[in-house]
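J.: Sending over a structure as structure tokens; questions will come in a sec.
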Amino acid sequence: MSEAADICFVMTTKNLLQNVRRQALSGLVSFVDVDQTYSLNEKGYPVTVVGTVNRNHNFKLVAVGVSRYENEVANKLILDTIEGGLKELINFEWSPKVAMSDRAGAISNAFKALFTCATPKLAKCYFHVKKGLKDNKWRFSSEKKL
């Protein structure tokens with residue numbers, strides 16, 4: 001294991017991995033959601049949540065990963081682990097068409113590194129778009145920032 005990902009583990013189950021297959025077979029565009037947060041553990045390590053959605057737009061968890069660093073190596077290791085589980089446990093080839101995240105470089109680069117044959121289109125999730133607009137509304141207004 002590289003120094004950049006010296007602490008990294010992924011938690012999932014066969015049933016959670018089935019969410020990927022169910023979503024891909026639902027007739028919707030195959031995609032994956034990935035986001036990270038730091039407020040879930042006392043060490044401040046990034047916690048990565050990976051999931052998808054069903055036809056009713058309900059989030060369906062696939063896996064949770066914890067790593068020491070938020071970088072491409074750690075994110076690729078998390079995604080590699082999920083891809084390996086999909087192949088080994090449910091005999092499913094993962095090829096999402098769209099990858100949704102906050103567009104962090106570490107996540108985007110991990111997607112590009114893992115899915116070299118057909119890199120998914122990278123999209124920014126609605127929450128982060130809305131937050132970005134709110135945080136930067138002064139840029140779209142003639143009013144001065146306070």
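The values are calculated or read from the model by the stated rules, or taken from the named source; none is laboratory data. On a predicted model such as this, the values are computed, not experimentally measured, just so you know. Cβ coordinates were reconstructed from backbone atoms using ideal geometry, including for glycine residues, and neighbour counts include every protein chain displayed.
J.: Of the numbered conditions (1) crowded, with 17+ Cβ neighbours inside 10 Å; (2) in contact (Cβ under 8 Å) with a residue 40 or more places away in the chain; (3) touching a helix residue (DSSP H, G or I) at 6+ places or on another chain (Cβ under 7 Å); (4) within 16 Å of Val10 (Cβ to Cβ), Phe92 fails exactly one; give the number of that condition.
T.: Only one criterion in (1) crowded, with 17+ Cβ neighbours inside 10 Å; (2) in contact (Cβ under 8 Å) with a residue 40 or more places away in the chain; (3) touching a helix residue (DSSP H, G or I) at 6+ places or on another chain (Cβ under 7 Å); (4) within 16 Å of Val10 (Cβ to Cβ) is unmet by Phe92, namely (4).
J.: Does Ala63 satisfy the condition of being surrounded by 13 or more Cβ atoms within 10 Å (Cβ to Cβ) and assigned to a helix (DSSP H, G or I)?
T.: No: the conditions fail for Ala63.
J.: Across the range 19-42, what is the total count of residues that are in contact with a strand residue (DSSP E or B) (Cβ under 9 Å, 6 or more places away or on another chain) and not in a strand (DSSP E or B)?
T.: Filtering the range 19-42 down to residues in contact with a strand residue (DSSP E or B) (Cβ under 9 Å, 6 or more places away or on another chain) leaves 19-20, 22-24, 28-41.
Okay, now just the ones that are also not in a strand (DSSP E or B), so 19-20, 22-24, 28-30, 38-41.
Adding up the residues that qualify gives 12.
J.: Considering only residues that are under 13 Å from Arg68 (Cα atoms) and within 16 Å of the chain's Cα centre (by Cα), look in the range 1-26 and name the one that is modelled with the highest pLDDT.
T.: The qualifying residue modelled with the highest pLDDT is Val10.
J.: Here's another thing I want to ask about it. Could you tell me whether Ile78 is surrounded by 18 or more Cβ atoms within 10 Å (Cβ to Cβ), touching a Gly at 6+ places or on another chain (Cβ under 9 Å) and either assigned to a loop (DSSP other than H, G, I, E, B) or not small (Gly, Ala, Ser) (or both)?
T.: Numbers: surrounded by 18 or more Cβ atoms within 10 Å (Cβ to Cβ): yes; touching a Gly at 6+ places or on another chain (Cβ under 9 Å): yes; either assigned to a loop (DSSP other than H, G, I, E, B) or not small (Gly, Ala, Ser) (or both): yes.
Criteria met by Ile78.
J.: Kindly indicate the residue of the range 27-55 that is among the hydroxyl-bearing types (Ser, Thr, Tyr) and modelled with pLDDT of 85 or more and also farthest from the chain's Cα centre (by Cα) among those meeting that condition.
T.: Step by step, filter the range 27-55, then rank; the result is Tyr45.
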